[in-house]
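Asker: Questions regarding the structure given below will be posed in turn.
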Amino acid sequence: MDLKLEAIVLPVSDVDRAKNFYEAAGFRLDVDTTFSDEYRLVHMTPPGSQCSIIFGKGTISTAPGTVQGLYLIVADVEKAREELVGRGVGMSEVFHDAGGVLHHGHEGGEAVHRGAGQERIEGPEPGRTSYASYATFSDPDGNGWLLQEITERVPGR
């Protein structure tokens, strides 16, 4: 059985502001439909992704900005960051984890490092090891995203 993640619903406070942000970031607008005064659906897809985001009015009861740890996989985190910054997206600098492992959590749009030897270090991972270099950003409501550099996937991926 195949189970494919196709869409993630994001809680936003202002649909047009979110739509403008994601369009500026390069996401493709797939659907923007208003069904009633209480229900509007916006469906957008990041470039090259098979998974989309959905947001709108009446689409989710979760508080705006509460979705964290949304990963966008890129081949070159520095180039991707540069392009997003050029599109007006406020981003962290590129960073890696001192322990060489995935950071431990997400809060308020930022990666949080927990445990001894797991601090955040500026710049990409020195060996450019796949899965080890990141940059973060948040949408206008605070939903948190990470760019993760992957040049070689683990077997089976």
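Asker: Counting other Cβ atoms within 10 Å, which GluC sites (Glu not before Pro) in segment 1-45 have at most 16 and lie in a DSSP loop?
Answerer: Listed in order of number, the matching sites are Glu6, Glu38.
Asker: Largest first, please: the extent of the C-alpha atoms of the chain along each principal axis, to the nearest Å.
Answerer: That works out to 52, 33, 32 Å along the principal axes.
Asker: With both bridge residues required to lie in segment 1-94, what share of the DSSP beta bridges run antiparallel, to the nearest 5%?
Answerer: Antiparallel bridges make up about 80 percent of those DSSP assigns within segment 1-94.
Asker: Then there's this: Can you compute the helix-only [θ] at 222 nm over the chain? Use -39500 (n - 2.57) per DSSP H run of at least 4 residues, normalise by all residues, nearest 500 deg cm²/dmol.
Answerer: After summing the helix terms and dividing by the residues of the chain, the value is -3500 deg cm²/dmol.
Asker: Further question: Enumerate the amide H contacts of Ala7 below 5 Å, restricted to partners 5 or more residues apart or on another chain; note that Pro and chain-start residues carry no placed amide H.
Answerer: Ser52
Asker: Hand me the trypsin sites (Lys or Arg not before Pro) from segment 53-89 located in a DSSP loop with no more than 14 other Cβ atoms within 10 Å, in residue order please.
Answerer: Arg87
Asker: If you restrict to DSSP beta bridges whose two residues both lie in the chain, what percentage is antiparallel, to the nearest 5?
Answerer: Among the beta bridges of the chain, antiparallel pairing accounts for roughly 75 percent.
Where a number appears in this text, it was derived from the coordinates with a stated rule and is not lab data. Keep in mind that this is a model prediction, so the values were computed, not measured. All Cβ positions, glycine included, derive from the backbone under ideal geometry; neighbour counts span all protein chains shown.
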